[in-house]
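Chemist: Let me begin by handing over the structure; questions about it come next.
The values are calculated or read from the model by the stated rules, or taken from the named source; none is laboratory data. The shown structure was predicted, so the numbers you read here are calculated from the model rather than taken from an experiment. For neighbour counting, all protein chains shown are included, and Cβ atoms are generated from backbone atoms with ideal geometry for every residue, glycine included. Please note that ligands, DNA and RNA were not included when accessible areas were found on the heavy atoms of the full protein model with its side chains. Shrake-Rupley method; radii C 1.70, N 1.55, O 1.52, S 1.80 Å.
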Amino acid sequence: MEKKVDIQYRMAELTDLEEITALVRQAALEMSCRGIDQWDELYPIREDFEQDIRRGQMTVGTLAGRAAVIYTINGACDPEYEGAAWKYPDKSCCILHRLCVNPLFQNRGIARQTMEHLERENAAKGVEAIRLDVFSRNPSALKLYRNCGFEKVGTVRWRKGLFYLMEKYLTNQ
């Protein structure tokens, strides 16, 4: 079991925008070096993060005074989500977008710890299920979500290729 690190979670602010944009740019470069062609100059972009922040939907987790992880969670999803065989279609749900660990802090269990945090936080708000899409050629993300209990409920093909639609019911939170 990985040792828990003392991540401080808070809502992202516009003053975080440059650091978040640089973090994601570096993470995209790292993924590309590992043959994961998921993020590029078209997505995600600075405007996506600015919009998430302005809407109060982006969380930043800091460690040692730096942004270690970010994620956006809301109720918005692409129309393609409608084609999935959701296991909990009548439950209140939220959608996880753009989970990204700063490459300086990767391989320390931060993504797993962040998933546990966001599941507890959303369950406390009455959310019953979390949905997400994950790039089929991102083995680290696939492993993370499967290990966290997410189940594949469908597929969708977007510009970068095949993505899996996944869902988790928040029990015993």
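Chemist: State to the nearest 20 debye the size of the charge dipole of the range 1-138 about its Cα centre, where the only charges are +1 on K and R beta carbons and -1 on D and E beta carbons. Provide the component values of the computation, followed by the final result.
Modeler: Values: 18 positive and 23 negative charges, 117 e Å.
With Lys and Arg at +1 and Asp and Glu at -1, about 560 debye.
Chemist: State, as an integer percentage, the relative contact order of the range 1-80 based on alpha-carbon contacts under 8 Å between residues 6 or more apart.
Modeler: In percent, rounded to a whole number, it is 38.
Chemist: Starting from 0.36 nm per residue, how many nanometres of slack lie between residue 4 and residue 66 once their C-alpha separation is accounted for?
Modeler: Residue separation times 0.36 nm, minus the Cα-Cα distance, leaves 20.6 nm.
Chemist: Next question, about the same structure. Would you work out what percent of the accessible area of the chain, with all protein chains in place, is carbon or sulfur (probe 1.4 Å)?
Modeler: Here it works out to 47 percent.
Chemist: Summing -39500 (n - 2.57) over the DSSP H runs of n ≥ 4 in the chain and dividing by its residue number, what mean residue ellipticity at 222 nm do you reach, to the nearest 500 deg cm²/dmol?
Modeler: -9000 deg cm²/dmol
Chemist: Taking a cut-off of 13 Å between Cα atoms, list the aspartates and glutamates near residue 87, but don't count ones fewer than 8 places away on the same chain.
Modeler: Cα-Cα hits under 13 Å: 128, 151, 167.
Chemist: Does a label point 7 Å from the Cα of residue 92, set along Cα-to-beta-carbon, have any residues of the range 114-134 with amide nitrogen under 16 Å, and which are they?
Modeler: 119-131
Chemist: Follow-up question, since we're still on this one. Kirkwood hydrodynamic radius, computed over distinct alpha-carbon pairs, for the range 1-101: how many Å, to one decimal?
Modeler: Mean inverse Cα-Cα distance, inverted, gives 15.1 Å.
Chemist: In addition: In nm, give the distance between the simple-model label positions of residue 40 and residue 25, each being 7 Å from the Cα along the Cα-to-Cβ direction.
Modeler: 1.8 nm
Chemist: Do you know the relative contact order of the range 102-173, to the nearest whole percent, from alpha carbon pairs under 8 angstrom that are 6+ apart?
Modeler: Taking the mean separation of contacting Cα pairs over the length of the range 102-173, I get 35 percent.
Chemist: Considering just Cα atoms, how many Å³ per residue does the convex hull of the range 95-162 enclose?
Modeler: 100 Å³
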